[in-house]
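The values are calculated or read from the model by the stated rules, or taken from the named source; none is laboratory data. All values derive from a computational prediction rather than experimental measurement. Cβ placement follows ideal geometry from the backbone for every residue including glycine, while neighbour counts extend to all protein chains displayed.
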């Protein structure tokens, strides 16, 4: 016989505990809300957010930013995170310029409504790292950002005075920046060689002449530049005033006069009364040039009171309760060890990381899940794989609905074309900083999603690296229709880097290195094909467009690894692939064809050379 009295008592106790937990959570939320009602909320952003005021002395600011740079310039896999935020005003002068470097996990941003509201007279620079006397490179200059301010370049001496230096590779975006007084250079030409850099992202910015130098690939959109030097393998421009003319592959410029669809990253700012707000830029279609020239950027402001401000010590249950109660979310700098997913439930929710907030799932669940709703914005985050394999690290929409349209003949996802969700400056890592694995980094089961500067990286160096250690099949799987990627880099995954199943997809700029470390050909074989193509549009899709794609090999195990095709797509009239090429970087083996059996072989006989296909079919 069941002991119903005991079961009833147990149920009552569980309910009481649940109520108690909820009351504690509501109390935590209330405390956060009270703090946010204050005009000055800097303390709520945590100890690693530094907010500078123009009343501070230049020497005081210089000492602070130098101390952070000294720690972070070489701190590739550390846990420290910082945001350096400048209130409206002028910093530095011709007599005493403010000159500093930006290291790993450091966000530098102005707190004005426009880039013109914050001016730094001086330099905000990223230089090469020199690992030996003849090995100075920017290939690992990841995970840092610059946004929403003006740099009036002055100060320093000798070679360093010649330009503002932004010698970066992936995951180092420049947004809403106005650079005056000198050129901007994406290569640090002031050190010993070889000075290589490998990819970057600039949006909504205005500069003078851009010295591209050795940047192997780069994407610039919705900006104004005074010119551009050197194409290397893959330079892509959309909606950029002053961009080079379309000329791929000689030189390798892919240029579109406008950006078909975009939505810029939300950003923190202060209004004229000093109150903190988050600005949410509006959706743009067929746009070009900067959004802030001569007028305010189209969009809406949200009070800081609409946000729950979390720290790495905040329980994920409290975060999810805030989201359940309709709050948006700011994640302050640090590493968040998540025992459950952050669950985004409602339309128009914002999840904004500052100072490269980093999410690490601990239980095999995704770091973030999003229901199939309108207008969610996720921005400014690193997501690391955790110790228990996750099917996906970030998941938009439900995977349980996949394939129902094939079974029952209906579209499985809703139409979000008037208010798409977007991911901006979201970066994924499998290994590197910490050991971990995940089957897929980003899975999209919603229509009309916008990807705006994404780097998904299965680590080739750092902690927890090896073919059977940091296991991961795919960087990106797209099951929704009409998904657009603007600035997409996916590298070193063990199957297809990108698997695109939805219709109407479009990618503008793609950069990919194949896995370095297949231990044998049999370990890296897709059915009867040698290797896995980097970018695959599946046979379930009948429309797809892509512009400016570079796919590279460096099989470094001393084994003759072969990939038959760098890219495969259906042979249908709705497919158009523009300006795709392969390069043999080093090592052994080869990429036999560029796309669907077309294009010349990339191997040691033509190492470092671009093997292009201008249009397929």
Query raised in the report: Limited to the stretch 555-578, what total is found for residues that are under 14 Å from residue 595 (Cβ atoms) and either under 26 Å from the mean Cα position of the chain (by Cα) or not in a loop (DSSP other than H, G, I, E, B) (or both)?
Result: 11
Query raised in the report: Out of (1) in a loop (DSSP other than H, G, I, E, B); (2) modelled with pLDDT of 95 or more; (3) at negative phi, what's the single condition that is false for residue 289?
Result: (3)
Report task. Looking only at the stretch 423-430, decide whether some residue is surrounded by 24 or more Cβ atoms within 10 Å (Cβ to Cβ), over 19 Å from the mean Cα position of the chain (by Cα), more than 18 Å from residue 516 (Cα to Cα) and at pLDDT 95 or above. Result -> no
Requested in this report: Would you mind telling me which numbered condition in (1) modelled with pLDDT under 95; (2) at negative phi residue 199 fails?
Outcome: (2)
Query raised in the report: Any chance the stretch 528-541 includes a residue that's within 13 Å of residue 564 (Cα to Cα), more than 23 Å from the chain's Cα centre (by Cα), modelled with pLDDT under 95 and outside the structural domain of residue 563 (by TED's automatic domain parsing)?
Result: yes
Query raised in the report: In the stretch 52-96, what residues are surrounded by fewer than 18 Cβ atoms within 10 Å (Cβ to Cβ), at negative phi and in a strand (DSSP E or B)?
Result: 90
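Take residue 323 and decide whether it is touching a strand residue (DSSP E or B) at 6+ places or on another chain (Cβ under 7 Å) and surrounded by fewer than 22 Cβ atoms within 10 Å (Cβ to Cβ).
yes
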Query - Scan of the stretch 154-170 for residues that are touching a strand residue (DSSP E or B) at 6+ places or on another chain (Cβ under 7 Å) and either assigned to a helix (DSSP H, G or I) or closer than 17 Å to residue 213 by Cβ (or both), ordered by number - result: 163, 164, 165, 166, 167, 168, 169, 170
Report summary line: Per the list (1) crowded, with 21+ Cβ neighbours inside 10 Å; (2) at pLDDT 95 or above; (3) over 18 Å from residue 169 (Cα atoms), residue check on residue 514 breaks on (3)
Report task. Give the stretch 296-329 a look and list any residue that's closer than 23 Å to residue 264 by Cα, in contact (Cβ under 8 Å) with a residue 40 or more places away in the chain and either under 23 Å from the mean Cα position of the chain (by Cα) or in a strand (DSSP E or B) (or both), or say none. Result -> 297, 302, 307, 308, 309, 328
Requested in this report: Go through the stretch 193-212 residue by residue and tally those that are over 23 Å from residue 547 (Cβ atoms), touching a residue at least 40 places away in the same chain (Cβ under 8 Å) and part of a loop (DSSP other than H, G, I, E, B).
Outcome: 3
Query - Matching option when the condition is within 27 Å of the chain's Cα centre (by Cα), at pLDDT below 95 and not in a loop (DSSP other than H, G, I, E, B), among 44, 99, 125 - result: 44
Report task. Please indicate, with yes or no, whether at least one residue in the stretch 353-365 is touching a helix residue (DSSP H, G or I) at 6+ places or on another chain (Cβ under 8 Å) and assigned to a strand (DSSP E or B). Result -> yes
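Each row is one residue, and each column tells you yes or no for (1) modelled with pLDDT under 95; (2) over 30 Å from residue 420 (Cα atoms); (3) assigned to a loop (DSSP other than H, G, I, E, B); (4) more than 23 Å from the chain's Cα centre (by Cα).
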{"residue": "177", "(1), (2), (3), (4)": "no, no, no, no"}
{"residue": "191", "(1), (2), (3), (4)": "no, yes, yes, yes"}
{"residue": "218", "(1), (2), (3), (4)": "no, no, no, no"}
{"residue": "235", "(1), (2), (3), (4)": "no, no, no, no"}
{"residue": "240", "(1), (2), (3), (4)": "no, no, no, no"}
{"residue": "272", "(1), (2), (3), (4)": "yes, yes, yes, yes"}
Query raised in the report: Is it true that some residue in the stretch 464-483 is surrounded by fewer than 23 Cβ atoms within 10 Å (Cβ to Cβ), touching a residue at least 60 places away in the same chain (Cβ under 8 Å) and outside any loop (DSSP other than H, G, I, E, B)?
Result: no
Query raised in the report: Just checking, which of 452, 415 is part of a strand (DSSP E or B) and touching a residue at least 12 places away in the same chain (Cβ under 8 Å)?
Result: 452
Query raised in the report: What about residue 328, is it more than 27 Å from residue 470 (Cβ to Cβ), surrounded by fewer than 16 Cβ atoms within 10 Å (Cβ to Cβ) and touching a strand residue (DSSP E or B) at 6+ places or on another chain (Cβ under 9 Å)?
Result: no
Report summary line: When restricted to 272, 223, the only residue surrounded by fewer than 23 Cβ atoms within 10 Å (Cβ to Cβ) and outside the structural domain of residue 546 (by TED's automatic domain parsing) is 272
